1. Could you tell me whether the stretch 176-191 includes any residue that is within 20 Å of T71 (Cα to Cα), open to solvent by 40 Å² or more (accessible area, probe 1.4 Å) and in contact (Cβ under 8 Å) with a residue 60 or more places away in the chain?
2. Please name all residue pairs, on different chains or six or more residues apart, with Cβ atoms under 8 Å, provided the first residue is in the stretch 91-114 and is of a type in the set (V, I, T) and the second residue is part of a loop (DSSP other than H, G, I, E, B) and surrounded by 15 or more Cβ atoms within 10 Å (Cβ to Cβ).
3. Looking only at the stretch 86-115, count how many residues are open to solvent by less than 20 Å² (accessible area, probe 1.4 Å) and of a type outside the set (A, V, I, L, M, F, W, C).
4. Can you pull out the residues in the stretch 138-192 that are at pLDDT 95 or above and at positive phi?
5. Name the residues in the stretch 130-146 that are in contact with a helix residue (DSSP H, G or I) (Cβ under 8 Å, 6 or more places away or on another chain) and either among the aromatic types (F, W, Y) or surrounded by fewer than 23 Cβ atoms within 10 Å (Cβ to Cβ) (or both), would you?
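The values are calculated or read from the model by the stated rules, or taken from the named source; none is laboratory data. Keep in mind that what you see is a predicted model, and the values were worked out from it rather than measured. Quick reminder, even Gly has a Cβ in these numbers, built from the backbone with ideal geometry, and neighbours come from all protein chains shown. Ligands, DNA and RNA are stripped out before the accessible areas are found, and what is left, the full protein with its side chains, is counted by its heavy atoms. Shrake-Rupley method; radii C 1.70, N 1.55, O 1.52, S 1.80 Å.
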Amino acid sequence: MKRGASVQDYEQALNRVMERKRGLVTGRERQAARQSEQAPNTGHRTKSQPAPASRAETARAATVSSPDIYTPDPTQNADTSNGISIYFGYDSAQLTNASRMELKKLGQALALPQFSGISWLIEGHTDASGSADYNQGLSERRAQSAQRYLIDQFGIEPQKLIAVGKGQTEPYDRENPRASINRRVRLLPAGE
């Protein structure tokens, strides 16, 4: 989620996540498909058409200001259809002030009536620094940290928040497995 997102932004993101879960195509995906259909595909790029930034390049650009904790670009809307992410520092499961602020808005959105019957998976992830066993434990602690915060601060029923650790097995930036963007917790629906 971009820095400065509101509770309404989180509500919309949760709705996009739910659309994806139900197998629906999101409005953003429809728009991207329409644009690609309308754009001529010549198979090559001219000098006036720069190459689109890869996920990895976007992630690296966003980490320039803070190499330890990934900070989303405030001018760019994140694609949240596959989940909402909160970021952590290197070798840490502690929530930062920024992650608490984001979890506060997320918790307020999760407390809305339309999400009351939904269980949520809280996936903890790490970068590829350290051993697989260590990273598995760290990812579990990250997920539990976010889970505890949402339960304690918003009274969300514990059985509605399922915390799991994924270790280093599913990096966001596969090209740069040690990138700070990989140190995250992702929230997505587990079921209704």
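1. yes
2. Pairs found: T96/I69; T96/F88; T96/G89.
3. Here the count works out to 3.
4. Result: G167, single match.
5. Scanning the stretch 130-146 gives a single hit, G130.
Yes or no, residue by residue, for (1) modelled with pLDDT of 90 or more; (2) open to solvent by 80 Å² or more (accessible area, probe 1.4 Å); (3) farther than 29 Å from E140 by Cα:
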{"site": "G27", "(1), (2), (3)": "no, no, yes"}
{"site": "A33", "(1), (2), (3)": "no, no, yes"}
{"site": "P50", "(1), (2), (3)": "no, yes, yes"}
{"site": "I84", "(1), (2), (3)": "no, no, no"}
